[in-house]
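Remarks on the structure that follows.
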Amino acid sequence: MVHVEDRKHLPYTDAVIHEIQRLCNISPMAVPHKTSRDVTFHGYFIKKGTTVIPLLTSVLYDESEWESPHTFNPSHFLDKEGRFIKRDAFLPFSAGRRVCLGESLARMEIFLFFTSLLQHFRFIPPPGVSEDDLDLTPAVGFTIPPSPHELCAISRQ
Ligand code: HEM
């Protein structure tokens, strides 16, 4: 049985989960916001009342922040000794006053579901399908869920 406190003892697992959320961010455009006053941001003047859509993907794939932004690489979240490191550019829940209210709950649930499932099952492609045939290209939309595909869960017991 896994507990949420185990997260600190499982840095590689934690890094894998963070990397999945970075690379497969499900809410790339967060939620539209409106400026409550005139703002100058990075030299651009933004008038009060302007709708602003934060592109979280631009941070999660930022080439100046990530060593291999377009490749799955849990080392983004590990130091040389294999300890978990926080990264400022990890913003799948957005940031600021309107940051996702469910972030703690979501992170806890993802850790518990992910570790429990992997402890009890091995996941393999269905018979006749090779791993290379699995298309992990996400669906496109306001949110980007994974495309439907089939997997077999094999009990480890
Ligand atoms: C992997 C799971 C989740 C992701 C990636 C996610 C991501 C986000 C993002 C990007 C926003 C927009 C923040 C902004 O306006 O800039 C948001 C808002 C919000 N999320 Fe989540 N979310 C997740 C799960 C949850 C869960 C489980 C709950 C509730 C139990 C939740 C509740 C909310 C609420 C209430 C807001 C609106 C906050 C506000 O406007 O003040 N989210 N979320």
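The values are calculated or read from the model by the stated rules, or taken from the named source; none is laboratory data. Quick caveat: nothing in here was measured; it's all calculated off a predicted structure. Note that we place each Cβ from the backbone using ideal geometry, even for glycine, and neighbour counts take in every protein chain shown. For the accessible areas, the whole protein counts, side chains as well, though only heavy atoms, and no ligand, DNA or RNA atoms are used. Shrake-Rupley method; radii C 1.70, N 1.55, O 1.52, S 1.80 Å.
Of note:
- Boolean, H76 is more than 16 Å from the ligand (Cβ to nearest atom), closer than 13 Å to Q21 by Cα and assigned to a loop (DSSP other than H, G, I, E, B): no
- Selected residue (criterion: surrounded by the fewest Cβ atoms within 10 Å (Cβ to Cβ)) from residues of the stretch 135-157 that are part of a loop (DSSP other than H, G, I, E, B) and in contact with a Pro (Cβ under 6 Å, 6 or more places away or on another chain): E150
- In the set L112, L101, L91, only one residue is within 16 Å of the ligand (Cβ to nearest atom), within 29 Å of V140 (Cβ to Cβ), of a type in the set (A, V, I, L, M) and open to solvent by less than 60 Å² (accessible area, probe 1.4 Å); that residue is L91.
- Restricting the stretch 118-145 to residues that are within 16 Å of the ligand (Cβ to nearest atom) and in contact (Cβ under 8 Å) with a residue 12 or more places away in the chain, the residue that is farthest from the chain's Cα centre (by Cα) is F142.
- Positions within the stretch 26-57 being out of contact with any strand residue (DSSP E or B) (no Cβ under 9 Å at 6 or more places or on another chain) and surrounded by 10 or more Cβ atoms within 10 Å (Cβ to Cβ), in sequence order: S27, P28, M29, A30, V31, L55, L56, T57
- Filtering the stretch 5-45 to residues that are more than 16 Å from the ligand (Cβ to nearest atom), assigned to a helix (DSSP H, G or I) and among the charged types (D, E, K, R) leaves E5, D6, K8.
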